[in-house]
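Notes for the one structure printed next.
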Amino acid sequence: MVELKVEGMSCQHCVAAVTQAVQDVDQKASVKVELAGGRVCVESNIPREALAAAIEDAGYTVVA
């Protein structure tokens, strides 16, 4: 399980965009987005750096 702190998410469209970005890297990834806390939890075998890069490519900022 990888937990990322992501800035810039504010709505369900953001949730869908972040989820899609992660699943573009790993189709089988389980993604849980908590808007209020700005947290994204991903269950995947893909390295954290690749997941963070995918989220950033979707227009969000990964801060931790």
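Read the figures in this text as sums done on the coordinates, not as results from a lab. Everything numeric here is computed off the predicted structure, so don't read it as measured data. Note that each Cβ is placed from the backbone with ideal geometry, even for glycine, and that neighbours are counted across all protein chains shown.
Quick notes on this one:
- Inter-part distance where the stretch 11-48 and the stretch 50-64 are each reduced to a Cα centre, Å: 10
- For the chain, the alpha-carbon radius of gyration amounts to 0.93 times the rule-of-thumb value 2.2 N^0.38 Å expected for a compact globular protein.
- Principal-axis tilt of helix 12-25 within the chain, Cα atoms, nearest 10 degrees: 20
- Cα-centred dipole magnitude for the chain, charges only on beta-carbon of K, R (+1) and D, E (-1), debye, nearest 20: 160
- For the chain, the longest principal axis of the Cα atoms and the long axis of helix 48-57 meet at an angle of about 50 degrees.
- Taking Lys and Arg as +1 and Asp and Glu as -1, the other residues whose beta-carbon sits under 14 Å from that of VAL25 total -4.
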